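**Student:** Structure in structure tokens, see below.
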Amino acid sequence: MTKKIEAIIREEKLEDVMKALRDLGIMGLNVTEVRGHGRQGGVKLSGRVGTYQIDLLPKLQLNIVLSDHNVEKTLQTIRDVACTGATGDGIIFLYPVEDVIRIRTGERGHDALIYKDDIDERRDKKK
Ligand SMILES: Nc1ncnc2c1ncn2[C@@H]1O[C@H](COP(=O)(O)OP(=O)(O)OP(=O)(O)O)[C@@H](O)[C@H]1O
Ligand SMILES: [Mg+2]
């Protein structure tokens, strides 16, 4: 079975999170720019022109589709690296994925999610 992790993180954390994921062997992912707000509903900024409210803050959304058995490790890695402890660290959503089809080869499901030197290949090598 396959899941999708949608992690909304601070822009400045992207590099560290990507590196940690690569070290873990998570190879397939994509990133999009998003704007949103969580519990605080935006931020109040004070500048020369006075105080103003920004309702939608820029964040980065990391999308990763992966096999079930790699989900917990990946969630933990993202949280470990993306957490500063301050408000605005982000949020992670987890979804079930119906299927994956690699366009070039027609591979489906787990077969479409095999990458060179990925988390599964590394684990099998250790055995
Ligand atoms: N329920 C939600 N649905 C979709 N996107 C959300 C939701 N909650 C937060 N987001 C997105 O996640 C981003 C992260 O928000 P933020 O880190 O401020 O979360 P929070 O829940 O307010 O936690 P914290 O208290 O740590 O700030 C938001 O800017 C928004 O893009
Ligand atoms: Mg918040």
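**Student:** Amide H neighbours of residue 97 under 5 Å, counting only residues 5+ apart in sequence or on other chains, H built in-plane at 1.01 Å?
**Tutor:** Result for residue 97 returns 2, 3, 4.
**Student:** I need to check one value: relative contact order of the range 2-126, counting alpha carbon pairs closer than 8 Å and at least 6 residues apart, in percent.
**Tutor:** Averaging sequence separation for qualifying contacts and normalising by length gives 40 percent for the range 2-126.
**Student:** Apply 1/(1 + (r/R0)^6) to the Cβ-Cβ distance of residue 89 and residue 110, taking R0 = 35 Å, and write down the FRET efficiency to the nearest 0.05.
**Tutor:** 0.65
**Student:** Could you give the radius of gyration (one decimal) and Dmax (whole number) of the Cα atoms in the range 69-127, in Å?
**Tutor:** Here Rg and the maximum Cα pair distance are 15.3, 44 Å.
**Student:** For the range 47-56, in order, what is each residue's ³J(HN,Hα) by Karplus, 6.51 cos²θ - 1.76 cosθ + 1.60 with θ = phi - 60°, in whole Hz (x at glycine and Pro)?
**Tutor:** Per residue, the Karplus-derived 3J(HN,Hα) values read x, 4, 8, x, 9, 9, 9, 10, 7, 10 Hz.
**Student:** While we're looking at this one, here's another question. With a 10 Å cut-off between alpha carbons and a GNM built on the chain, which of 103, 26, 78 moves the most?
**Tutor:** Of 103, 26, 78, the Gaussian network model singles out 103 as fluctuating most.
**Student:** For the chain, what is the calculated [θ] at 222 nm in deg cm²/dmol (nearest 500), taking -39500 (n - 2.57) for each run of four or more DSSP H residues and dividing by its residue count?
**Tutor:** -7000 deg cm²/dmol
**Student:** Then there is this: Please compute the Kirkwood hydrodynamic radius over the chain, one decimal place, Å, based on all pairs of different Cα atoms.
**Tutor:** Across the chain, the inverse of the average 1/r is 16.3 Å.
**Student:** Also, quick follow-up: Say the cut-off is 27 Å between C-alpha atoms; which of 59/116; 19/125; 4/59; 73/116; 4/125; 73/125 go over it?
**Tutor:** Listed pairs above 27 Å: 59/116.
**Student:** What is the percent carbon and sulfur in the accessible area of the chain, measuring with a 1.4 Å probe over the protein chains and ignoring ligands?
**Tutor:** Carbon and sulfur together cover 52 percent of it.
**Student:** Which value, in Å² and to the nearest 10, is the accessible area of residue 124 when all protein chains are kept and the probe is 1.4 Å?
**Tutor:** 80 Å²
**Student:** Once you have a ≥ b ≥ c as the square roots of the Cα gyration tensor eigenvalues for the range 22-75, tell me rounded if a/c is under 1.5, and otherwise prolate or oblate according to whether a/b is larger than b/c.
**Tutor:** It comes out prolate by the Cα gyration axes.
The values are calculated or read from the model by the stated rules, or taken from the named source; none is laboratory data. Quick caveat: nothing in here was measured; it's all calculated off a predicted structure. Counting neighbours? That spans all protein chains shown, and the Cβs are built from the backbone with ideal geometry, glycine included. Just so you know, the surface numbers come from the protein's heavy atoms only, side chains and all, with ligands and any DNA or RNA stripped out. Shrake-Rupley method; radii C 1.70, N 1.55, O 1.52, S 1.80 Å.
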